[in-house]
Amino acid sequence: MKRSIFLAALLALWVMPAKADEGMWLPALISQRIEDMQAKGFKLSAEDIYSINQASLKDAVVLFGSGCTGELVSDEGLLFTNHHCGYSFIQRHSSVEHDYLKDGFWAKSRAEELANPGLTVRFLESMEDVTDLVLKGYKPKMTEEQRQALIEKNAKKIQDKIVKEGNGLKTSVEALYYGNQYFLFVFREYRDVRLVGAPPSSIGKFGGETDNWMWPRHTGDFSIFRIYAAPNNMPADYSETNVPYRPKRSLKISRAGVKEGDFTFVYGCPGSTQEYVHSEAVRYIQDISDPEKIALRTMRLNIMKKYMDQSQAVRIQYSSKFASVANAWKKWQGEEKGLRKNYVVPVKQAYEKRFEEWAQGTRYEGITQQLATLYAARNPIFRAYEYYRETVLTIEKLQMARNPRFNMKDYYQPIDEEMFVAMMTAFDQALDDEYKPQFFLDRRNQYSSMEAWKDAVFTFESEAKGLADALNDFFSTVIAPPVAEFNKSINLVYRDYMKGQMEFENGKVFYPDANLTLRVAYGHVEGYRPLDAVYYDPVSTLRGIIEKDNPDIFDYNIPQVLRDIYARGGFASQPVCFLATNHTTGGNSGSPVLNAEGNLIGINFDRVWEGTMSDLVFDPEICRNISLDVRYLLFVIKEVGHADYLFNEMKFVD
Ligand code: ARG
Ligand code: GLU
C-alpha cells in the first residue's frame, strides 16, 4: 500500500510539471518564457513578439472570422489562412459556372478580389492585466451574482474610456485561470476582407476526411485574402473607395525550409483547453463522453456514407455535414486513447492526493473532494444533455419542423429517415424515462415500432412538429438549465482549486487555458512514434501526393496539372507539410508558424490524432501540430494558380 502510494506520487512528480514545449503563453507576459525560448533557439526578444511601443509580430496576426487565425504577409493587407477557414466564403462565391471550390480561384487584379459580407478580422492593439480594476469594490461576502455584476460594471467603465465612435476599437475583458485574473484586450476590427486566391479543393482539402488529423499528410490547406480599409487606414464597411490596409507589421517569408530539431513557434488564437481539471472530469470524458459520442457518430457517418457512396449528388449535398460530424469524431478517438495511454486519471488522482495532504488546515482543504461530489451529481444529467445533442437534436426532419428557413438544398430524406430510427432508438435505450418528455413516452407506447413512428413523422407534419417541440422544449427547460447551474458551481470551485494549485506548485509558471485570445506556443520540428517500431518523419513531400493519387477515390484524386508537373521531373522532393511539437488546439488553424528569426515557414492547420488529448494533458512524445510548408503554398500559387504576380508584394528571406 505505502509503496504504491509512493510510486504514484513519484509518477505524479514526473508527469505533472510543465513539460518541454507544453503551453500557450500570453504574448504580453512572454518575458516569463523568453529565456527558455532563447535557450531552445529563438533569436529575437520579447519586444519583438509583443510591444505596445513599436510594431511587433503581434501586429501581423489576426483572429480570422469567429474561430481561425490569419497572418499578414505584405504591406498591402495580404493575408494567409487555411483553406478550411476560408471554405464557406469560397463556397458562397461558387456556382455551377464558376466552381471555385473545385477549380480554385485567383484574382488577376485587385478589381477581381471578391468581397465577403460578414467576414471580419481582428488585430490586437494591446492586452493588460486589469484584475484590480475589475474587482474594485469587491467584498468577500458578496454572492457570485453580485461579484459578476460588479465585474460587468467595472469592465464597462474601462471599455467606455477606450471605445469611441469612429476609432474602430473593440474591447473585451476575459477571465483567465477561472477568474483569478482578468485581462483587457483591445482590438481593431476590419470588416472589408476580400478573397484573393484559393487552390482547388483537390489540393486545399487533399486527403479529405480520410487524412484529417493524420500523418503523413499532404494537404495544401491555405487560402489568401486581403484586408481593405478606409483611405485613412481605419476600419470601414465594404466600399469601392476602400484601399488595401497598411499593416504596422507584416511577416517575411522564409524559403530556407525546415529540418528536424529546428526551433518553431506558433502565434495564434487557440480556442479552448482544460489543462487543470479534476481527475473526475477526465474520467468522465475518457470513459463516458468520448466513447458514447464516438459510437453515436459512427452510426451517423455510416448512414451518410452508404448513400454518399451511391450517388454523386448526395455526396455533394452531405460532404460538409459529413466533414463536421467526422472532425470531432476522429479527434475524440485520439483523445480517449491518449488519455488512457498516459494514465491521466490515476496520475491526476495521485496529484489530488498530494494536493490534499498539502492543503490540510488551509482554505483549500477538501476542495478536490468537493469537485468529485459535484461531478458525481452533475454527470447523469450532463450525459442526458450530451445525448440530446448527439441524437434527437441532430434529426433534420425535427429541425425543419421548427425552422421555416431550413436549407432543403442539401437535404436527402432517405438519410434522415434512417437517422431518425437509429438516433431515436439510441436515445430511448440509453436514457431513463425521467429524461424524456411525456409526449415522447406517449407516442412510444402508441406506435408498434420505431419504423412505424418514423413513417408517421415523415408523413404528417403535425407529428414531426409535435415531437420536435416536445424534445426541444424539454431540453431547454428541463435538461439544459441544471447543467448550466452545475457548470457554474463547478467553475466557482475551480477558481479556488486553480489558485490552490498555483500555490501548491509554487515556482511553476502556469499558462492560462486557451480561450481564443492570442497566444504563443513554441517547440521544434520533430517526428514521432505512433506505434512500436514505427517512426514518422516530420516532413512530407510531393512524392507522397503522387503515391496517394487515385482518380477513383474522391479524397485522393489530384488535379491533372500536379501529375504533369511531377512527370516533368524536378519536384519529387518539393516539401508539403511538416510536424512540430507546438502546443495548439482548434482556433490555431491558419496560425503563422515562424522560425527562430520570426520569419514565416508554415501555416498551422491540424494536429495528429494520437496527440489530441493535449487539450487536457500534453505529452511531448506524441503531441504534434501539423503545418503546411510555406514553400508548398508558393509552389501552388506559381505552378497551379499561375498567380506569381502575388510574389511582388511579399518579402522573402532565405
Ligand atoms: N482537423 C482540422 C480541424 O480541426 C481540419 C478540419 C477541416 N478538414 C476536414 N477534412 N474536415 O479543424
Ligand atoms: N483544424 C483545427 C482548427 O480548425 C486545428 C486543429 C487542432 O489543433 O485542433 O482550428
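Some notes on this structure:
- Beta bridge orientation in the chain: antiparallel %, DSSP, nearest 5: 95 percent
- In summary, segment 537-602 shows an alpha-carbon radius of gyration equal to 1.39 times the 2.2 N^0.38 Å reference for compact globular proteins.
- Segment 251-310 versus segment 411-478: alpha-carbon centroid distance in Å: 31 Å
- The gain in end-to-end length when the ASP237 to GLN38 segment is fully stretched comes to 67.4 nm, 0.36 nm per residue minus the alpha carbon separation.
- Projecting the Cα positions of THR131, TYR228, LEU78 onto the charge dipole of the chain (unit charges on Cβ atoms of Lys, Arg, Asp and Glu, taken about the Cα centre) puts THR131 furthest along the positive direction.
- Ellipticity at 222 nm from helices only: DSSP H runs of n ≥ 4 in the chain, each -39500 (n - 2.57), divided by the residue count, give -13000 deg cm²/dmol.
- Estimated Rh, the chain: Kirkwood, alpha-carbon pairs, angstrom: 26.8 Å
- Over 27 Å between alpha carbons, listed pairs LYS259/LYS651; LYS58/LYS156; LYS330/LYS651; LYS58/LYS293: LYS330/LYS651; LYS58/LYS293
- For the pair segment 26-40 / segment 343-371, the C-alpha centres are spaced 30 Å from each other.
- Rg/Rh (Cα only; Kirkwood hydrodynamic radius) as it applies to segment 62-176: 1.15
- Filter on LYS248/LYS508; LYS139/LYS499; LYS305/LYS548; LYS353/LYS508 - keep pairs with C-alpha separation over 25 Å: LYS248/LYS508
- Overall, segment 104-235 carries a charge dipole of about 340 debye about its Cα centre when +1 sits on the Cβ of Lys and Arg and -1 on the Cβ of Asp and Glu, all other atoms neutral.
- Farthest toward the positive end of the dipole of the chain, out of HIS93, ILE52, TYR245, is the Cα of ILE52, where the dipole comes from beta carbon charges about the Cα centre.
- Label point 7 Å beyond Cα of TYR412 along Cβ direction - residues of segment 272-303 with amide nitrogen under 17 Å: 299-303
- Ordering of 638-647, 547-556 by packing is 638-647, 547-556, highest average first (other Cβ atoms within 10 Å, averaged per residue).
- The Rg/Rh ratio of segment 393-468, with both radii computed over alpha carbons and Rh defined as the Kirkwood radius, is 0.95.
- For a 4.7 Å threshold on C-beta separation, the list of partnerless cysteines in the chain reads CYS269, CYS577, CYS623.
- Taking N as the residue count of segment 37-85, its C-alpha radius of gyration divided by 2.2 N^0.38 Å amounts to 1.36.
- Length available on full extension from ASN403 to LYS638: 0.36 nm per residue minus the Cα-Cα distance, which gives 80.1 nm.
- Inter-part distance where segment 119-136 and segment 498-527 are each reduced to a Cα centre, Å: 19 Å
- Ranked by how many other beta carbons lie within 10 Å on average, peptides 342-353, 90-101 from highest: 342-353, 90-101
- Sorting the segments 415-424, 582-591, 145-154 by their residues' average number of neighbouring beta-carbon atoms within 10 angstrom, most packed first, yields 582-591, 415-424, 145-154.
- Hydrodynamic estimate: the Kirkwood radius of segment 165-237 over Cα pairs, inserted into Stokes-Einstein at 10 °C and 1.306 mPa s, corresponds to D of 99 µm²/s.
- Spin-label proximity, TYR447 to segment 389-404 - amide N less than 15 Å from point 7 Å beyond Cα toward beta carbon: 392-399, 401
- Charge dipole (Cα centre; +1 on Lys/Arg Cβ, -1 on Asp/Glu Cβ; no other charges) of the chain amounts to roughly 820 debye.
- Accessible area of the chain belonging to carbon and sulfur atoms, whole % at 1.4 Å probe: 53 percent
- Inter-probe distance in nm under a simple model that places probes 7 Å from Cα toward Cβ, at LYS488 and LEU393: 1.8 nm
- Heavy-atom accessible area per residue - the chain, 1.4 Å, Å²: 43 Å²
- Sites GLU461 and ASN302 - FRET efficiency at Förster radius 25 Å, r taken between beta-carbons, to 0.05: 0.30
- Here the extension length gained between MET142 and GLN310 equals 54.3 nm, from 0.36 nm per residue of separation less the Cα-Cα distance.
The values are calculated or read from the model by the stated rules, or taken from the named source; none is laboratory data. Keep in mind that what you see is a predicted model, and the values were worked out from it rather than measured. Neighbour counts are summed over all protein chains in view; Cβ atoms, including those assigned to glycine, are modelled from backbone coordinates with ideal geometry. Calculation scope for accessible area: heavy atoms of the full protein, side chains included, ligands and nucleic acids excluded. Shrake-Rupley method; radii C 1.70, N 1.55, O 1.52, S 1.80 Å.
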